[in-house]
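Below: the structure, in structure tokens.
The values are calculated or read from the model by the stated rules, or taken from the named source; none is laboratory data. All figures in this text were calculated on a predicted structure; none of them were measured in a lab. Here the Cβ positions follow ideal geometry from the backbone for every residue, glycine too, while neighbour counts run over all protein chains shown.
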Number of protein chains: 2
Amino acid sequence: MAKISEPTVRRLSHYYRVLEEAVVAGQAMISSHLLAEREGITSAQVRKDLSYFGSFGRRGLGYNVEHLRDEVRGILGLNRRWRVGVVGAGHIGSALLAYRGFDDKGFDVVAVFDASASRIGQHDGNLVIRDMATLSPADALDMGVIATPMRAAQEVADALVAAGVRGILNFAPRKLRVPREVTLRSVDMTMELESLSFALSQAHASRRRNAAE
Amino acid sequence: MAKISEPTVRRLSHYYRVLEEAVVAGQAMISSHLLAEREGITSAQVRKDLSYFGSFGRRGLGYNVEHLRDEVRGILGLNRRWRVGVVGAGHIGSALLAYRGFDDKGFDVVAVFDASASRIGQHDGNLVIRDMATLSPADALDMGVIATPMRAAQEVADALVAAGVRGILNFAPRKLRVPREVTLRSVDMTMELESLSFALSQAHASRRRNAAE
């Protein structure tokens, strides 16, 4: 299979949400138009994305909701459970531990680690916060979430990789180096706010230009 | 100015980080090669991005670090302060309030709101948690962060827009509708994990195929 781009994966996640809602609502069939229902996706794009995975709707009828839901779930790797470890038991780490949506999607947070001696041994949700030094391949983690301060992030990434983790979600605002076989995704909250300040500045500037004309 | 794509804005944020580090390190000049220093960016891309904003390096010398830092800061709208309101004083909201990086970049979190009667009136950092019903245009918020449960998110977005907010960062895992003049960015943590599970599944499948050959 050819390499699938990041935006395609995000659209698949979106279709999956819409399909899950349609199953709950008891819908049997769904149109590419309804699947597209989000700014920036056309129904032609939906048909292209799905045909890529060998799924074809029937003209005038659309797609079978349950069948397509199962198919997209499989493509996204959500038809199995994933063992997730969270490193950093601060606000973000705790938000992740408290978030119920993960469980529904097959992500089991099975371990939480912190560097602070005062936190190690405490409970966070159902888990006891562990010393990072106790992380080992025996934990059989599939994914790791880095929610530590910036300066610790690379060391933590290295330790996760050494313990066999193959996917890392990084919330620390710094660039991390991981081996080629490890998939890294980053969420940088400051970068998101910068994207807003950019858009608002451009809008201000354009209003000023218009007013001057 | 032509519309600048989201990936371009993210690259500008990245250049800004590198330039800030270079200023701290006392570097006077920087090459497009060093600015590119991240997977997936080429030095040709850097030169193209910057020429777009009228900034040209000198062959063999590169860019003047301080000058370019100031220029990129202006483009990103970071040469002024922005008033940010956070709605939802749970884990994510508190993480945002505790995060020091925002302040450095010009984002002042000036108000925090919650719907829970037990939280309203309590302190979160330096701020007193307010009832969402007290939000008004007098707050003069530029941006709002939605860190509420999914079901409340659209109502909160409407209230923020009514109070004059022009940029929204949404952490609630649902699609929001906002007027055209409002910029919306969303961070969906489950979607990030799905992007990892997709990548890990594809890697598994490819290893299985290789093993079978």
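Exactly one condition in (1) within 19 Å of the chain's Cα centre (by Cα); (2) surrounded by fewer than 22 Cβ atoms within 10 Å (Cβ to Cβ) is false for B:Gly90; which is it?
Evaluating B:Gly90 over (1) within 19 Å of the chain's Cα centre (by Cα); (2) surrounded by fewer than 22 Cβ atoms within 10 Å (Cβ to Cβ) leaves (1) as the failure.
Of the residues that sit in the range B:111-139 and are within 14 Å of chain A (Cβ to nearest Cβ) and either aromatic (Phe, Trp, Tyr) or in contact with a strand residue (DSSP E or B) (Cβ under 6 Å, 6 or more places away or on another chain) (or both), which one is surrounded by the most Cβ atoms within 10 Å (Cβ to Cβ)?
Only one residue tops the list, namely B:Val112.
Among the residues of the range B:14-58, write down those that are under 23 Å from the mean Cα position of the chain (by Cα), of a type in the set (Ser, Thr, Tyr) and either farther than 29 Å from A:Ser5 by Cβ or modelled with pLDDT of 90 or more (or both).
If the condition is that a residue be under 23 Å from the mean Cα position of the chain (by Cα), of a type in the set (Ser, Thr, Tyr) and either farther than 29 Å from A:Ser5 by Cβ or modelled with pLDDT of 90 or more (or both), then B:Tyr15, B:Tyr16 are the ones that fit.
Kindly provide the set of residues from the range B:160-213 that are facing chain A (nearest Cβ under 7 Å), of a type in the set (Gly, Ala, Ser) and within 15 Å of A:Arg10 (Cβ to Cβ), ordered by number.
Residues satisfying the conditions are B:Ser195, B:Ser197, B:Ala199.
Mind listing whichever residues of the range B:134-171 are under 19 Å from B:Ser94 (Cα atoms), out of contact with any Gly (no Cβ under 7 Å at 6 or more places or on another chain) and among the hydroxyl-bearing types (Ser, Thr, Tyr)?
None; the set is empty.
Answer yes or no: is there a residue in the range A:68-86 that is surrounded by 14 or more Cβ atoms within 10 Å (Cβ to Cβ), small (Gly, Ala, Ser) and under 22 Å from B:His91 (Cα atoms).
yes
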